[in-house]
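Written below as structure tokens is the structure these notes are about.
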Amino acid sequence: MSAMLDVQNLVKLFPLAGGKVVQAVNGVSFTINRGETLSLVGESGSGKTTVGRCILGLIDATEGDVYFDGEQMGRGRNIRSKALRGRIQLVFQEPAESLDPRIRIGETLGEPLRYLGMNRADRDRRVRDTATHLGLPERALDRYPSELSAGLQQRAGIGRAIITRPELIVLDEPTSALDPTARAEIVDLLIRLQAEFGTAYLLITHDLSTVRFVSHRVAVLYLGSIVEEAPSETLFAKPLHPYSVGLLASVLLPDPELTRSSAIQLEGEIPSPIDLPPGCPLAGRCPFADARCKTEQPPPVMVAPQHFVSCFHHAKVAALDHTTDNFARFQEDSTRLLSVGAG
Amino acid sequence: MTGVPAAGSAILEVSDLWVGFPSYREQTLHALKGIDLRIEAGEMIGLVGESGSGKTTLARAIMGLVPPPGVIERGRVLFNGRDLSAQSDAARRSVLGRELTMVIPNPRAELNPVLSVGRQISNIAFYHLGVSRQEADRIALDMLRAVHIPDPERRFNAYPHELSGGMAQRVVIAIALVCSPRLVISDDATSGLDVTVQAQVLDLLQTMVREKGAATLFITRDIAITAHFCSRIAIIYAGEVVEIADRRRFFARPGHPYSIMLLAAFSHNPALRARWTRAEEIAGATPSTGCAFASRCVRRQTRCLNEAPSLRPLASGHAVRCHFPVEAQA
């Protein structure tokens with residue numbers, strides 16, 4: 001079976017004045033199957049948003065191809081094209097800024113359906129039906145975005161995407177502007193909608209604590225390259241790329257007992273993507289880096305089914321004792337805590 | 001104001017603080033409703049709340065800078081025994097930036113864009129410490145080194161836009177700590193940073209604050225940070241402290257349903273999360289009497305709608321503002 005979305009060796013360069021080049025994306029390949037969630041995880045400047053925009057066909061890739069349902073994206077064919085309308089949708093980071101402040105929520109939800117040629121009565125029925133799925137109170141449909149909390153606004157943002165029953169939703173940092181409690185509710189909603197409608201998600205985020213339980217697979221992006229890709233549980237329990245290990249160790253969980261593991265500490269910050277040196281993108285920050293890492297880009301190696309890592313030294317990382325999965329331990333502890341006396 | 005204060009002496013004492021924002025034609029909005037908070041020397045206290053809970057208003061009130069039209073309606077804030085809001089601007093300026101400092105979020109927007117970062121640190125030392133310009137520059141360079149800015153001699157002359165977010169945040173920490181303050185207020189200081197950078201900046205802030213012997217009020221909406229960097233945790237909801245406890249006690253036996261809801265947000269078990277979360281109601285339904293959290297509380301009973309709970313001790317050093325705290329029934 002061919003994948004619904006197939007991204008092959010995507011490269012996106014932005015030329016600058018003076019002959020310099022921003023190497024935003026350097027050969028990214030991945031696939032997404034129907035009904036599946038792939039998370040693209042990375043820090044600012046890693047190229048995650050550029051990848052998302054190439055997939056939607058909003059910008060043309062410098063090299064490489066994106067196929068959606070067997071047909072190529074880009075070069076004029078994008079999510080605005082008539083044949084693709086409503087099949088791929090997008091959810092933005094800032095709900096308050098991505099909703100029209102002068103249009104009532106109900107109207108915003110129904111708008112995508114107008115472009116699909118649906119009549120008023122059908123639209124209204126679909127809007128009400130979607131609001132139920134979203135857990136959006138009926139009263140909210142008559143409100144303006146500014147009258148709702150950020151959590152409810154983001155529900156509306158997701159509603160506007162899901163209302164056309166798309167096959168793929170690209171979620172660009174959908175939870176990072178929200179408070180933790182609202183964030184958890186949005187994540188639950190996404191999981192529920194996927195179970196109901198079989199929508200596939202490309203979740204672009206730097207928020208690792210939500211990634212683990214919404215994604216089937218996770219791809220870790222660093223300086224425009226995917227350094228590791230694995231099923232979600234595998235990546236969190238046994239990451240093999242030094243960057244993945246450092247990234248996961250930086251995540252703080254609300255439990256004083258779960259101190260950050262210090263097997264690999266990443267020093268410094270992600271460097272500028274202008275005119276990258278050859279070799280491994282992490283070479284400048286990696287404790288394992290040797291001469292070879294500075295000259296030669298490590299190819300992805302399959303270490304287990306569906307688990308790819310691009311590191312010459314992944315065996316050394318595997319030998320480190322960093323296998324305690326803080327996330328799993330935290331879940332056990334929090335389950336105990338939350339099981340006492342709820343209402 | 002030099003010398004290490006005796007242990008147990010309060011650096012900051014906030015008692016029954018009410019701050020209101022009068023509004024045209026509508027009722028006054030009370031951003032803070034009777035906050036009591038005591039911070040002792042060297043203590044790192046975490047204040048956790050969602051957006052709109054009054055966290056930032058409290059920080060401003062402590063500095064004596066409630067933004068207009070807000071007014072302190074009742075209660076007072078004593079910093080080192082003095083009420084900053086009652087002092088002249090000049091007197092307040094001699095305290096702010098020197099004994100009481102703030103680490104702000106979004107540093108690249110808050111730093112002066114037309115002054116080099118070295119000069120911005122140096123200005124604080126020059127103004128507050130009464131040293132020569134050369135000495136101030138030397139102190140500033142030492143601070144850049146102390147906050148682990150690579151190549152500090154060159155970065156001294158860099159402008160804020162030339163630095164990454166993490167570097168700019170280190171500069172802001174250097175500015176806050178250059179005069180060895182008694183109290184540092186950190187207001188969501190790391191929320192804009194990536195996780196790997198956030199971890200480094202938090203480690204740095206904690207180390208620096210300890211070295212300088214300062215107390216910290218660590219304001220954040222991320223309860224996970226406080227589990228690792230604070231000695232005491234206070235939870236603020238709708239302008240009231242709803243729970244306060246030592247770190248270990250808090251994370252082992254939280255008592256307020258809202259605290260548990262905050263922790264539940266990290267759980268991967270939707271069913272358990274749902275047990276602690278009540279579907280959100282559209283604003284405007286908040287009852288004027290009764291518990292402010294009642295509309296979102298899974299444990300609410302009739303009493304909660306009619307009678308506002310007070311902050312009552314649950315154990316030594318642990319107080320909860322709830323009629324039916326979880327501990328009592330567990």
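The values are calculated or read from the model by the stated rules, or taken from the named source; none is laboratory data. It should be emphasised that the depicted structure is a prediction, and the values quoted were computed from it without experimental measurement. Because the Cβ atoms are built from the backbone with ideal geometry, glycine has one as well, and the counts that use them run over all protein chains shown.
Taken over the stretch B:256-276, residues that are more than 7 Å from chain A (Cβ to nearest Cβ) and either over 12 Å from A:LEU337 (Cβ atoms) or in contact with a Lys or Arg (Cβ under 7 Å, 6 or more places away or on another chain) (or both) amount to 5.
The C-beta contact set for the stretch A:112-136 (first residue touching a residue at least 60 places away in the same chain (Cβ under 8 Å), second residue surrounded by fewer than 18 Cβ atoms within 10 Å (Cβ to Cβ), distance under 9 angstrom, 6+ apart or interchain) comprises A:HIS133/A:ARG192; A:HIS133/A:GLU196; A:HIS133/A:PHE197. Looking at B:ALA215, B:ALA189, B:ALA199, B:ALA227, just one residue is in contact (Cβ under 8 Å) with a residue 12 or more places away in the chain and at the interface with chain A (Cβ under 8 Å from one of its Cβ atoms), and that residue is B:ALA227. In summary, A:PHE197 fulfils each of the numbered conditions (1) crowded, with 19+ Cβ neighbours inside 10 Å; (2) within 25 Å of A:LEU152 (Cβ to Cβ) with the single exception of condition (1). A single entry from A:ASP122, A:ASP100 fulfils the requirement of being outside any loop (DSSP other than H, G, I, E, B) and away from chain B (no Cβ under 13 Å): A:ASP122. In the stretch B:226-246, the qualifying residues are those that are surrounded by fewer than 23 Cβ atoms within 10 Å (Cβ to Cβ), out of contact with any helix residue (DSSP H, G or I) (no Cβ under 7 Å at 6 or more places or on another chain) and within 21 Å of B:ALA41 (Cα to Cα), and the one that is modelled with the highest pLDDT is B:ASP246. Within the bounds of the stretch B:295-302, is there any residue that is crowded, with 22+ Cβ neighbours inside 10 Å and not in a loop (DSSP other than H, G, I, E, B)? No, the stretch B:295-302 has no match at all.
Flag set for B:ALA271, criterion: part of a helix (DSSP H, G or I) and modelled with pLDDT under 85. Of the strands (runs of 3 or more DSSP E) entirely within the stretch A:143-226, those holding at least 2 residues that are within 13 Å of chain B (Cβ to nearest Cβ) and farther than 24 Å from A:ASP122 by Cβ occupy A:217-222. Considered as a group, the residues in the stretch A:296-330 that are surrounded by fewer than 19 Cβ atoms within 10 Å (Cβ to Cβ) and within 14 Å of chain B (Cβ to nearest Cβ) include one that is modelled with the lowest pLDDT, and that residue is A:ASP325.
Considering only the stretch A:110-154, state which residues are of a type in the set (Lys, Arg) and closer than 23 Å to A:PRO166 by Cα. Don't jump to the end; show me each part of the working.
So in the stretch A:110-154, the residues of a type in the set (Lys, Arg) come out as A:114, A:120, A:123, A:125-126, A:128, A:139, A:143.
A:ARG114, A:ARG120, A:ARG123, A:ARG125, A:ARG126, A:ARG128, listed by residue number.
Here are A:GLY64, A:GLY74: which of them is crowded, with 17+ Cβ neighbours inside 10 Å, of a type in the set (Gly, Ala, Ser) and free of Cβ contacts under 8 Å to residues at least 24 places away in the same chain? Residue meeting the stated conditions: A:GLY74.
Do we find a residue being away from chain B (no Cβ under 11 Å), modelled with pLDDT of 85 or more and assigned to a loop (DSSP other than H, G, I, E, B) anywhere in the stretch A:241-250? Yes, there is a match, as at least one residue in the stretch A:241-250 is away from chain B (no Cβ under 11 Å), modelled with pLDDT of 85 or more and assigned to a loop (DSSP other than H, G, I, E, B).
When B:ASP83, B:ASP16 are screened for being of a type in the set (D, E, K, R) and closer than 18 Å to B:TYR237 by Cα, only B:ASP16 passes. If you check A:ILE163 against the conditions, is it over 23 Å from A:SER44 (Cα atoms), buried (at least 23 other Cβ atoms within 10 Å of the Cβ) and of a type outside the set (D, E, K, R)? Spelling it out, A:ILE163 is indeed over 23 Å from A:SER44 (Cα atoms), buried (at least 23 other Cβ atoms within 10 Å of the Cβ) and of a type outside the set (D, E, K, R). When each of B:SER53, B:SER15 is tested for being over 24 Å from B:VAL201 (Cα atoms), at pLDDT 90 or above and surrounded by fewer than 18 Cβ atoms within 10 Å (Cβ to Cβ), the lone residue that passes is B:SER15. Remark: pairs (first residue in the stretch A:225-251, closer than 13 Å to A:VAL301 by Cβ; second residue buried (at least 21 other Cβ atoms within 10 Å of the Cβ) and of a type in the set (S, T, N, Q); Cβ separation under 8 Å; 6+ apart in sequence or on different chains) = A:ILE226/A:SER310; A:VAL227/A:SER244; A:VAL227/A:SER310; A:GLU228/A:SER244; A:GLU228/A:SER310; A:HIS241/A:SER310.
For B:PRO160, the stated conditions do not hold, so it cannot be described as surrounded by 24 or more Cβ atoms within 10 Å (Cβ to Cβ) and either farther than 21 Å from A:GLY45 by Cβ or more than 11 Å from chain A (Cβ to nearest Cβ) (or both).
Take A:VAL51 and tell me if it is within 15 Å of the chain's Cα centre (by Cα), within 14 Å of chain B (Cβ to nearest Cβ), surrounded by 19 or more Cβ atoms within 10 Å (Cβ to Cβ) and modelled with pLDDT of 90 or more. Don't jump to the end; show me each part of the working.
Numbers: within 15 Å of the chain's Cα centre (by Cα): yes; within 14 Å of chain B (Cβ to nearest Cβ): no; surrounded by 19 or more Cβ atoms within 10 Å (Cβ to Cβ): yes; modelled with pLDDT of 90 or more: yes.
It is false that A:VAL51 is within 15 Å of the chain's Cα centre (by Cα), within 14 Å of chain B (Cβ to nearest Cβ), surrounded by 19 or more Cβ atoms within 10 Å (Cβ to Cβ) and modelled with pLDDT of 90 or more.
For the stretch B:39-145, give me every one of the helices (runs of 4 or more DSSP H) that falls completely inside it and has 2 or more residues that are under 26 Å from B:ILE223 (Cβ atoms).
Values: elements: B:55-62, B:89-95, B:107-110, B:117-129.
The qualifying helices (runs of 4 or more DSSP H) are B:55-62, B:107-110.
Just a yes or no: is a residue in the stretch B:274-285 on the phi > 0 side of the Ramachandran plot and within 20 Å of the chain's Cα centre (by Cα)?
Step one: list which residues in the stretch B:274-285 are on the phi > 0 side of the Ramachandran plot, which gives B:284.
Among the residues that remain, those that are also within 20 Å of the chain's Cα centre (by Cα) are: none.
Scanning the stretch B:274-285 turns up no residue that is on the phi > 0 side of the Ramachandran plot and within 20 Å of the chain's Cα centre (by Cα).
Does A:ASP179 satisfy being surrounded by 20 or more Cβ atoms within 10 Å (Cβ to Cβ) and among the charged types (D, E, K, R)?
Numbers: surrounded by 20 or more Cβ atoms within 10 Å (Cβ to Cβ): yes; among the charged types (D, E, K, R): yes.
Here the answer is yes, as A:ASP179 does meet what is asked.
Within the stretch B:315-330, how many residues turn out to be within 14 Å of chain A (Cβ to nearest Cβ) and either at pLDDT 90 or above or in a helix (DSSP H, G or I) (or both)?
Let us first name the residues in the stretch B:315-330 that are within 14 Å of chain A (Cβ to nearest Cβ), namely B:320, B:322-330.
Next cut, either at pLDDT 90 or above or in a helix (DSSP H, G or I) (or both) only: B:320, B:322-329.
Going through the stretch B:315-330 one residue at a time, the tally reaches 9.
Pairs meeting the criteria (first residue in the stretch B:70-94 and on the phi < 0 side of the Ramachandran plot and in contact (Cβ under 8 Å) with a residue 40 or more places away in the chain, second residue surrounded by 16 or more Cβ atoms within 10 Å (Cβ to Cβ) and in a loop (DSSP other than H, G, I, E, B), beta carbons under 7 Å, at least 6 apart or on different chains) are B:ILE72/B:VAL66. Considering only residues of the stretch B:21-38 that are assigned to a strand (DSSP E or B) and among the charged types (D, E, K, R), which is nearest to B:ARG76 (Cα to Cα)? Taking the candidates together, the pick is B:ASP36.
Contact map, the stretch B:13-27: residues that are within 17 Å of B:LYS55 (Cβ to Cβ) and in contact (Cβ under 8 Å) with a residue 24 or more places away in the chain paired with residues that are of a type in the set (S, T, N, Q) and part of a loop (DSSP other than H, G, I, E, B), Cβ distance under 6 Å, separation 6+ or inter-chain. Pairs shown: B:GLY20/B:THR28. If B:MET208 satisfies all but one of (1) part of a helix (DSSP H, G or I); (2) at pLDDT 85 or above, what's the number of the condition it fails? Single failed check for B:MET208: (2).
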